[in-house]
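Single-structure report; data block below.
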Amino acid sequence: MYTIFLSGFMASGKTTAAKTFARMTGAEHIDLDEYIEKKLGATVSEIFAERGEEVFRKTEADCLRELCGRNAIVSLGGGTMTDGKNYGAVRLSGGFVVFINTPYNLCERRIRREQGVRPIADALNDTELEKLYNSRLALYKKNCDAEVTGENPSLLIMADIMEAVAGLIDRLTDKESEEVLAEFPEGNPDTDTEEET
């Protein structure tokens with residue numbers, strides 16, 4: 001199985017969809033923020049407050065690379081795929097990024113219900129939070145291999161993710177086949193070789 005990374009804004013439904021996907025497919029689910037917390041022995045809020053965002057982002061990038069190649073579905077933090085280098089690392093590993101595109105008003109309602117969980121959001125008022133959402137949207141769209149809507153119930157989102165990943169794997173398989181055939185422009189290497197007599 002390929003490593004699947006779910007991207008999107010804070011509270012876009014990445015973790016819920018990933019847990020559902022893992023439960024239905026038997027794949028391992030890894031939450032990147034929780035992975036970082038275990039690595040550093042502190043919560044995300046504590047890391048931001050005591051060590052700063054720069055340390056968090058560096059650790060985030062390192063942990064992302066550690067997870068590349070795992071038989072897992074990984075729910076990413078809201079800022080992970082705003083860095084094109086992180087997307088490049090996923091693609092080099094053969095993994096896929098699926099962007100869950102959830103409207104701002106839905107994300108905002110979820111965020112405000114969960115105060116103290118997201119240090120960046122907690123420091124912003126509603127206008128600033130919406131500005132951050134809008135500034136990240138184009139990056140999410142750029143740094144992904146497929147996009148699904150986050151407005152649906154989690155089971156439908158999971159189905160959309162599975163369909164998107166299946167399509168990505170099919171295209172990858174087709175591309176690999178084309179590359180093999182390109183090396184043998186005269187035909188199939190197995191059938192075109194005459195037997196020696």
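Values quoted throughout were computed directly from the atomic coordinates according to the rules given, and no laboratory measurement underlies them. None of the values given here were measured: they were computed from a predicted structure. All Cβ positions, even for glycine, are placed from backbone atoms using ideal geometry, and neighbour counts span all protein chains on display.
Here are the numbers for the structure shown:
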| quantity | calculated |
| --- | --- |
| Gaussian network model of the chain, Cα within-10 Å springs - most flexible of A49, A27, A89 | A49 |
| Highest-MSF residue in the chain out of A61, A166, A17 [GNM, Cα springs under 10 Å] | A166 |
| Extension gain (nm, one decimal) between E130 and R91, 0.36 nm per residue minus Cα-Cα | 11.1 nm |
| Unsatisfied cross-links (Cα-Cα over 23 Å) in the set K85/K141; K19/K58; K39/K131 | K19/K58; K39/K131 |
| Acute angle (nearest 10 degrees) that the helix 126-142 long axis makes with the longest principal axis of the chain, alpha-carbon atoms | 10 degrees |
| Highest-fluctuation residue, N125, N86, N152 considered, GNM on the chain with Cα pairs under 10 Å | N125 |
| Two-decimal log10 I(q)/I(0) for segment 1-117, as the Debye equation yields it once each C-alpha is a single scatterer, q = 0.21, 0.23 Å⁻¹ | -1.26, -1.43 |
| Pairwise label distance in nanometres, T173 with A42, each label 7 Å out on the Cα-Cβ vector | 4.7 nm |
| Cα-based helix-to-principal-axis angle, 14-25 vs the chain, degrees rounded to 10 | 40 degrees |
| When the chain is reduced to its Cα atoms, the Kirkwood hydrodynamic radius in Å | 18.2 Å |
| Helix-only CD estimate at 222 nm, as mean residue ellipticity for the chain, using -39500 (n - 2.57) per DSSP H run (n ≥ 4) | -18000 deg cm²/dmol |
| Length-normalised contact order of segment 4-171 in % [C-alpha pairs under 8 Å, at least 6 apart] | 34 percent |
| T149/K58 FRET efficiency (R0 45 Å; Cβ-Cβ; nearest 0.05) | 0.90 |
